[in-house]
Amino acid sequence: MKTIIEPFRIKVVEPITMTTREERTRFLAAAHFNVFNLHAHHVLIDLLTDSGTGAMSSLQWAGIMQGDESYAGGESFFRFQHVVADLTGFSHVLPTHQGRAAERILFELVGGPNKVVPNNNHFDTTRANVEHSGALAVDLVIEEGKHPQQRHPFKGNLDVAKLRALIDDVGADRVPLCMVTVTNNSGGGQPVSLANLREVRAVCDHYGIPLFLDACRFAENAYFIKLREPGQQDRSVCDIVRDMFDLADGATISAKKDGLVNIGGMLLLKDEELFQRASALLILTEGFVTYGGLAGRDLEAMAQGLQEVVHEDYLTYRLRSTEYLGERLLEAGFPIVEPPGGHAIYIDAGALLPHIPPAEFPGQALVCAFYREGGIRAVELGSVMFGGGGEPPPLELVRLAIPRRVYTQSHLDYVVEAAGIVFEGREGLRGLRMINNPPYLRHFSAQFEELG
Ligand code: F0G
């Protein structure tokens, strides 16, 4: 069969509010051309993020009713811990309310002034937590990972030669750990190979540096390994997942992605002493070690979600849906990050709209056009998000992130049709002027005017 169907039936539906182009033009102006300011019910297809926006299964909802809400020692924690240990091999598991809480605890413990943290590409909250501790965050993705149109099966790989050079340069004592983000969200949702993880591990071992994964999208990464890495085709996703985690000394995870839940995260650690110190910090700001800022029901939903996400029918559908959207956008003429990643398609707005300079925010102009023409909400990853320091970033990207198990192929066909209209009108799109300039994370609250 050529058609890959959604491997689920729909039992609960949530209506989408239909809007007209005229209405959306008004909503956009009222939101000061920042889609974070829209009411979500004015959005038809919400591709702002794949984080916390997935649909839970009937078994996850059943788990919600089984949540043990005891303050300490709840059964839901032990079930969650058992599932995580089974999947990853880690027995030191701290639940957190989301990924960045795990990052905050980790970097409060190992970061600090003078420290240097390498990664393929830091996600923005990871970078912010590294920098907040006083440390320097360094991105070392392979060269191919920086060029949108250059294809590579594992474009998220970390450049091990650059890693060695960095450690030699700053000294191993200043590098508290090396991180690898799987899949590499900031680099286009691109996977990292097992071979690369092994090479990074060998470098870390040579210098005595721990290796940590930012493993939000571990299952998508593992399935890419199964599809693309020589010798991995006949292995189960669970075995590949286990190999990935076996190479690491720890991991931060936002379960809002491959945990298939709306809220939750975790910090995994091997080192006993670090685990004790992290537990103390968890209690300080998140909650007791058996709930970490979540309800018992959330732990049940995570435990179930972590088991469902490694089903190969699910992963086939998941990666194929993203690829399908990417292929259709390429056919329509859009320059995108190639090949399509796991959770999102990234459009190169700088290449699509060469008449709009970075100072006039081509990515934001494209985000506005997607909303106006189709009610589709995307997110800008360009001069709005990263240009606060004055220098424009190397790329002006727009991300269409696909929530898990939420939209069907006909929703994606609708996105493609709206994208066609945006493409036809691209030469008439105008840039924007930022009328305020918030000091931190400005993409959330920036306000714009359309240029005449
Ligand atoms: N690491 C990566 C690679 C992420 O993509 C995210 C979140 C986090 C860490 C932080 O997790 O949100 O649970 O605190 N990414 C979302 C996104 C927000 O839209 O890409 P969190």
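The values are calculated or read from the model by the stated rules, or taken from the named source; none is laboratory data. Everything numeric here is computed off the predicted structure, so don't read it as measured data. Cβ sites come from the backbone with ideal geometry, for glycine too, and all protein chains shown count toward neighbours. To get the accessible areas, we keep the full protein, side chains included, count just its heavy atoms, and leave off ligands, DNA and RNA. Shrake-Rupley method; radii C 1.70, N 1.55, O 1.52, S 1.80 Å.
Scanning region 281-304 for residues that are among the acidic types (Asp, Glu) and more than 18 Å from Met65 (Cα to Cα) gives a single hit, Glu286.
Candidates Val398, Val384, Val367, Val406: the one that is open to solvent by 10 Å² or more (accessible area, probe 1.4 Å), within 16 Å of the ligand (Cβ to nearest atom), within 21 Å of the chain's Cα centre (by Cα) and assigned by TED's automatic domain parsing to the domain that holds Tyr324 is Val406.
Scanning region 45-76 for residues that are open to solvent by 50 Å² or more (accessible area, probe 1.4 Å) and within 30 Å of Glu380 (Cβ to Cβ) turns up just one, Thr53. The residue that is nearest to the ligand (Cβ to nearest atom), among those in region 95-148 that are among the small types (Gly, Ala, Ser) and closer than 30 Å to Gly74 by Cα, is Gly99. Taking the listed residues Arg235, Arg242, the one that is out of contact with any Phe, Trp or Tyr (no Cβ under 7 Å at 6 or more places or on another chain), of a type in the set (D, E, K, R), away from the ligand (no atom under 16 Å from the Cβ) and in a helix (DSSP H, G or I) is Arg242, with no other qualifying.
Pairing each residue of region 273-297 that is more than 10 Å from His97 (Cβ to Cβ) with any residue that is part of a helix (DSSP H, G or I) and among the hydroxyl-bearing types (Ser, Thr, Tyr), provided the two are 6+ apart or on different chains, yields C-beta distances under 6 Å for Val289/Ser279; Gly296/Ser76.
Determine if region 71-88 includes at least one residue that is within 10 Å of the ligand (Cβ to nearest atom) and either under 20 Å from Val261 (Cα atoms) or in the same structural domain as Leu247 (by TED's automatic domain parsing) (or both). Among the residues of region 71-88, not one is within 10 Å of the ligand (Cβ to nearest atom) and either under 20 Å from Val261 (Cα atoms) or in the same structural domain as Leu247 (by TED's automatic domain parsing) (or both), which makes the answer no. Among the residues of region 413-452, how many are small (Gly, Ala, Ser) and surrounded by fewer than 16 Cβ atoms within 10 Å (Cβ to Cβ)? The number of residues fulfilling the criteria is 4.
For (1) under 14 Å from Leu194 (Cα atoms); (2) surrounded by fewer than 24 Cβ atoms within 10 Å (Cβ to Cβ), each residue gets a yes or a no:
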position	(1), (2)
Gly208	no, yes
Leu213	yes, no
Ala219	yes, no
Ile225	yes, no
Glu229	yes, yes
Asp239	yes, yes
Arg242	yes, yes
Leu247	yes, yes
